[in-house]
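Below is one structure, written out as C-alpha cells; the observations come after it.
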Amino acid sequence: MLLLMKWPLIASLALPWLLVYLGLHIVKRGVIFVDLALAQMAAFGTCVAILVGYDVHDWQNFAFSMAFTFCGAVLLTFTRMRNQRVPQEALIGILYVVSAAAAILALSKSSGGKEELQRSLVGELLVVPPEEVVKTFLLFVVIGIVHFLFRRRFLGISDNPDAAARSGVNVRLWDFVFYVIFGVVVTSFVHIGGVLLAFSYLVIPAVCAAFLVNSMVARFAVGWTVATFGSLASLFVTARVDLPIGAATVCVLGLLLVLVSIASSFVPARPGPAKKLG
C-alpha cells in the first residue's frame, strides 16, 4: 500500500502550492469559475485527441489540451471589459457548459468514452506516472518564478485593474499573459488530477484563507496548509476505505471549508485590503 500511495502522495504534496497561489488571484478577481472553464477546455482537448487516435499520455494529447486551453484564455481575455454589458462570470459559465457538452459529444464516438469522461473529471492520481509528476513539478517551478518576477503587475491587476490601467499597465496584455500561464498550469494538472480536483485546489484553499486572514502572504500560507492537510487526510481515508483519491480529496477539502467558515465566525474581522507580495 505504501508503494502504491508513494507517487500519489508526492503529487498531492508537491503540486498544489502553485494552484493555491493562482487561486488567490482568481478569488481576488471575482472570476471563480474561470479555472473550472479552462480545466474543462483542457479536458475537451484531451477528448478530441483521443477521438482522433492519440493515447492519453501521448505528447500530442497534451498539445491538443494546450491548444484548446489557449483558445479559452483568448476568449477570457477579450470578454473582460471596463463597461460590462454581460457579467464575465456568465460568459465563463457558458464556456464551461459548452466545452463540457462538446467533450461528451466527442466521447460518444469513442469506445471507452464513459471511462475517459470519468477520468477527465476525477483524474488518475492513483496510477500517475512518476515522470509525469516530476515534469509537472519542474514546470510549476518555472511558472512560479515567472509569477514572482512579475508579481507586481499580476497582483496590481488582480487588486484593481482600473488603477493599474491608469498607472500605464497594459491590462489586456497582462491579462492575456496571466490566463495563458494559468491555462498551462490547469492543463498540466488536469492530466493528473482531473477537472474537479483542479478546481478544488484552486478555489477551496483560497476561500478558506480569505475567511481567516487578509494579507496575500498569510493567505498563501493558510491556503497551502489547508491543501496539504486535505491531501494527507484524503490519502489516509483512501488507503483505509478504498475510495477514488480525486473525489475523496475534493470532499475532504469541501469539509475543511465548512469547518473554516464556522471557525471564522469566532475570528474578529480585520478590515483593509490584502497586502501585496514583495
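The values are calculated or read from the model by the stated rules, or taken from the named source; none is laboratory data. Because the structure is predicted, anything quoted here is derived from the model rather than measured. Ideal geometry is used to build each Cβ from the backbone, glycine not excepted, and the neighbour counts take in all protein chains shown.
Listed values, structure above:
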| item | result |
| --- | --- |
| Flag if residue 165 is among the aliphatic types (A, V, I, L, M) and closer than 22 Å to residue 29 by Cα | yes |
| Search result, residues across the range 209-231 that are hydrophobic (A, V, I, L, M, F, W, C), within 26 Å of residue 6 (Cα to Cα) and surrounded by 15 or more Cβ atoms within 10 Å (Cβ to Cβ) | 220, 222, 224, 226, 227 |
| Odd one out for residue 187, checked against (1) more than 28 Å from residue 50 (Cβ to Cβ); (2) buried (at least 21 other Cβ atoms within 10 Å of the Cβ) | (1) |
| Residue within the range 151-160 that is closer than 14 Å to residue 15 by Cβ and within 17 Å of the chain's Cα centre (by Cα) present | no |
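The rows are residues; the columns are (1) surrounded by 14 or more Cβ atoms within 10 Å (Cβ to Cβ); (2) at pLDDT below 90; (3) charged (D, E, K, R).
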| residue | (1), (2), (3) |
| --- | --- |
| 106 | yes, yes, no |
| 112 | no, yes, no |
| 115 | no, yes, yes |
| 118 | yes, yes, no |
| 128 | yes, yes, no |
| 131 | no, yes, yes |
| 143 | yes, no, no |
| 147 | yes, no, no |
| 152 | no, yes, yes |
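To keep it simple, each residue is scored yes or no on (1) β-branched (Val, Ile, Thr); (2) under 20 Å from residue 196 (Cα atoms); (3) more than 18 Å from the chain's Cα centre (by Cα); (4) surrounded by fewer than 17 Cβ atoms within 10 Å (Cβ to Cβ).
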position	(1), (2), (3), (4)
13	no, yes, no, yes
20	yes, yes, no, no
23	no, yes, no, no
36	no, yes, no, no
65	no, yes, no, no
